[in-house]
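Following: one structure in structure tokens, then a few remarks.
The values are calculated or read from the model by the stated rules, or taken from the named source; none is laboratory data. For clarity, every value in this text was computed on a predicted model and none was experimentally measured. Don't worry about glycine lacking a Cβ; one is built from the backbone with ideal geometry, like all the others, and counts go over all protein chains shown. Calculation scope for accessible area: heavy atoms of the full protein, side chains included, ligands and nucleic acids excluded. Shrake-Rupley method; radii C 1.70, N 1.55, O 1.52, S 1.80 Å.
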Amino acid sequence: MAIPASIKTTSIKPSGTVSLLAGATPGIHFPESRYYIRRMRLGINSNLVPSLEKAGYKLEPAFGSETTTLVVEIPVDVGEGVLEKTRWAGAIDNVGGPILSALVRATKPWGNVVSVGIAGGINFNLSAMPFIIRGVNLLGVSSSNCPQGLRKQIWQRLGGDLHPHHIAKIHSQTARLEDLPDVFEKLLNNEIQGRVLVEVINE
């Protein structure tokens, strides 16, 4: 009948509590919510039963094996900021710090986050969850040690097919190096719109 042989004869699905032994996810709980309830089955004569009852956990007979098995409900809090609701397919971040952390936690599966700056801080707090649950990639960019050959290729493209065609619309003024203190003051006071082109070499 052209039906492929099932692999289930030689493998098991790492689900539920068993998945934790394999380091796999037991479900979709924590990517979607910070809180969830974990249920586990255990023998009615298990030594854990008295301790669980004393701790106040809910126990009830397991359906279909009420006389031999109990089910215990354990509330779980995976912590704040482990994963957030996905919002971004990808991102380029020039801030760093908490902003970078938030971007990675909210990036959709297989998305890329590129870090190009540290204005908001050099440290950020992340768990491994976005990387192993969603396959998110965090990529770094360093211009200071970029090889000269690659720099030349990049600048050729920036001046060619990647040259932005709307520069004339966003270019508000041109300034010389000695004019920059006044330009900075105007920028801080929100007196400049668009971009300022700086002449490095005076003609």
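Is it true that some residue in the stretch 55-78 is more than 26 Å from Ser144 (Cα to Cα) and touching an Asp or Glu at 6+ places or on another chain (Cβ under 6 Å)?
Yes, some residue in the stretch 55-78 is more than 26 Å from Ser144 (Cα to Cα) and touching an Asp or Glu at 6+ places or on another chain (Cβ under 6 Å).
Please specify each residue of the stretch 126-135 satisfying the condition of being exposed (fewer than 15 other Cβ atoms within 10 Å of the Cβ) and either touching a helix residue (DSSP H, G or I) at 6+ places or on another chain (Cβ under 9 Å) or within 12 Å of Glu84 (Cα to Cα) (or both). It would help to see each step written out before you state the result.
Residues of the stretch 126-135 exposed (fewer than 15 other Cβ atoms within 10 Å of the Cβ): 128, 131-132, 135.
Within the stretch 126-135, Phe131 is the sole residue that qualifies.
Check whether at least one residue in the stretch 107-125 is in contact with a Leu (Cβ under 6 Å, 6 or more places away or on another chain), open to solvent by 70 Å² or more (accessible area, probe 1.4 Å), among the aromatic types (Phe, Trp, Tyr) and touching a residue at least 24 places away in the same chain (Cβ under 8 Å), and report yes or no.
yes
Considering each residue of the stretch 149-176, count those that are touching a strand residue (DSSP E or B) at 6+ places or on another chain (Cβ under 7 Å) and either open to solvent by 80 Å² or more (accessible area, probe 1.4 Å) or among the β-branched types (Val, Ile, Thr) (or both), and give that number.
First pass over the stretch 149-176, keeping only residues touching a strand residue (DSSP E or B) at 6+ places or on another chain (Cβ under 7 Å): 170-176.
Keeping just the survivors that are either open to solvent by 80 Å² or more (accessible area, probe 1.4 Å) or among the β-branched types (Val, Ile, Thr) (or both) gives 170, 174, 176.
Residues flagged as touching a strand residue (DSSP E or B) at 6+ places or on another chain (Cβ under 7 Å) and either open to solvent by 80 Å² or more (accessible area, probe 1.4 Å) or among the β-branched types (Val, Ile, Thr) (or both) within the stretch 149-176 amount to 3.
Would you please name the residue that is modelled with the lowest pLDDT, looking only at residues in the stretch 65-100 that are open to solvent by less than 40 Å² (accessible area, probe 1.4 Å) and part of a loop (DSSP other than H, G, I, E, B)?
Gly81
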